[in-house]
């Protein structure tokens with residue numbers, strides 16, 4: 001038993017994996033096996049098996065979790081690495097664009113402080129801050145011991161529909177609470193916080209861990225509401241525009257969010273995307289193989305997953321390539337495992353379509369050049385490209401037919417229309433504009 005499980009066992013009641021998931025997903029949450037019911041969705045569980053494909057890479061299975069939860073018995077009986085999100089999905093794709101209801105907000109917490117004299121130091125501080133309302137950590141419904149770390153589950157009394165605007169607010173909220181959870185009095189990794197998306201998958205309760213024990217769940221508090229979660233933070237971090245599942249039908253969503261309904265439900269469009277050429281993916285895979293560094297292997301694979309999404313590469317192909325990197329990565333002393341790969345594959349999500357190239361380079365520690373100027377200074381390169389442009393367009397109609405660089409004002413206003421609850425910092429990050437430029441045009445109509 002890990003020291004984390006040992007501590008939790010002393011103070012809280014342990015629940016079985018079936019009790020845990022039945023509480024997270026009450027009866028009626030999912031479709032019944034073999035029965036289609038409009039408005040009902042399913043859970044998705046990903047399992048990395050020990051079975052090898054002809055390529056030598058592990059076989060990855062995706063299981064549909066129906067209302068009986070029977071599939072859990074099957075996967076728990078095996079010693080494979082499994083991930084699942086506390087979310088229901090439409091179809092079989094574990095992508096944020098297909099996410100429908102959020103049943104719990106879950107957080108990962110690693111690097112808890114532990115010393116020979118005080119092995120429980122980090123986890124004690126965590127619960128001390130939870131119990132003291134002067135701090136900013138709400139009481140979780142469950143704390144799960146995942147072997148070397150903890151998962152905190154805030155299970156909602158009623159699930160929250162994941163409309164686009166709600167998901168964006170939840171991302172802001174989750175980032176704020178994550179910052180408090182990874183405080184320097186709790187985690188040794190406070191300067192390397194892992195900010196994860198709302199739809200992040202977590203190791204399945206009851207399955208095997210890195211250390212060989214089973215993932216264990218402990219009941220630590222009641223179910224929560226979004227109002228309770230909001231009470232811990234100021235307005236700018238709160239999730240305000242949301243409604244619980246039972247209060248909003250799809251027809252009501254159509255009336256309240258007409259643009260979202262038209263684009264995401266009728267036209268089935270993904271979020272705004274920046275599409276890359278397929279060669280970008282192939283080139284990035286080659287660079288990872290020769291330029292990776294030990295401390296950035298996870299992020300190299302994560303960026304590979306983001307790039308695959310941008311380039312239209314299938315998830316199956318991405319998985320084959322990503323798992324194929326394990327042998328190369330394991331030439332170093334610190335092992336890189338298949339569960340590390342599967343965690344990094346969370347980057348294959350439309351939520352990251354607009355992730356900036358500069359940040360991809362920073363995360364992976366591999367420089368990425370956006371455009372080549374063949375040795376020319378930027379000023380000279382721009383002059384040359386303008387000459388070519390004017391020659392092609394006879395220097396008369398080019399700027400009059402809507403081509404060329406968009407005015408900064410238009411870029412800012414377009415971003416604000418697409419992100420009605422967005423912040424200036426997010427606009428700066430997504431558009432690449434400077435802070436003075438965004439501030440200048442923020443309220444200019």
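Being touching a strand residue (DSSP E or B) at 6+ places or on another chain (Cβ under 8 Å) and at pLDDT 90 or above is a property that does not hold for residue 77.
Table: residues versus (1) in a loop (DSSP other than H, G, I, E, B); (2) surrounded by fewer than 19 Cβ atoms within 10 Å (Cβ to Cβ); (3) assigned by TED's automatic domain parsing to the domain that holds residue 197; (4) in contact (Cβ under 8 Å) with a residue 12 or more places away in the chain.
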residue	(1), (2), (3), (4)
317	no, yes, no, no
320	no, yes, no, yes
328	no, yes, no, yes
331	yes, yes, no, no
336	yes, no, no, yes
339	no, yes, no, yes
342	no, no, no, yes
345	no, no, no, yes
355	yes, no, no, yes
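Is at least one residue of region 167-177 more than 30 Å from residue 241 (Cβ to Cβ) and without any contact (Cβ under 8 Å) to a residue 40 or more places away in the chain? Looking through region 167-177, none of the residues is more than 30 Å from residue 241 (Cβ to Cβ) and without any contact (Cβ under 8 Å) to a residue 40 or more places away in the chain.
For (1) closer than 29 Å to residue 322 by Cα; (2) modelled with pLDDT under 90; (3) over 27 Å from the mean Cα position of the chain (by Cα), each residue gets a yes or a no:
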| position | (1), (2), (3) |
| --- | --- |
| 20 | no, no, no |
| 27 | no, no, no |
| 53 | yes, yes, yes |
| 59 | yes, yes, no |
| 71 | yes, no, no |
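In region 46-57, the count of residues that are free of Cβ contacts under 8 Å to residues at least 24 places away in the same chain, more than 30 Å from residue 354 (Cα to Cα) and assigned to a strand (DSSP E or B) is one or more. Listed by position, the strands (runs of 3 or more DSSP E) enclosed by region 62-149 that each have at least 1 residues that are closer than 29 Å to residue 34 by Cβ, in contact (Cβ under 8 Å) with a residue 60 or more places away in the chain and assigned by TED's automatic domain parsing to the domain that holds residue 40 are 81-84, 87-89, 99-109. Assess whether residue 159 counts as being within 19 Å of the chain's Cα centre (by Cα) and buried (at least 22 other Cβ atoms within 10 Å of the Cβ). So residue 159 passes the test.
The values are calculated or read from the model by the stated rules, or taken from the named source; none is laboratory data. Everything numeric here is computed off the predicted structure, so don't read it as measured data. Glycine gets a Cβ as well: all are built from the backbone with ideal geometry, and neighbour counts include every protein chain shown.
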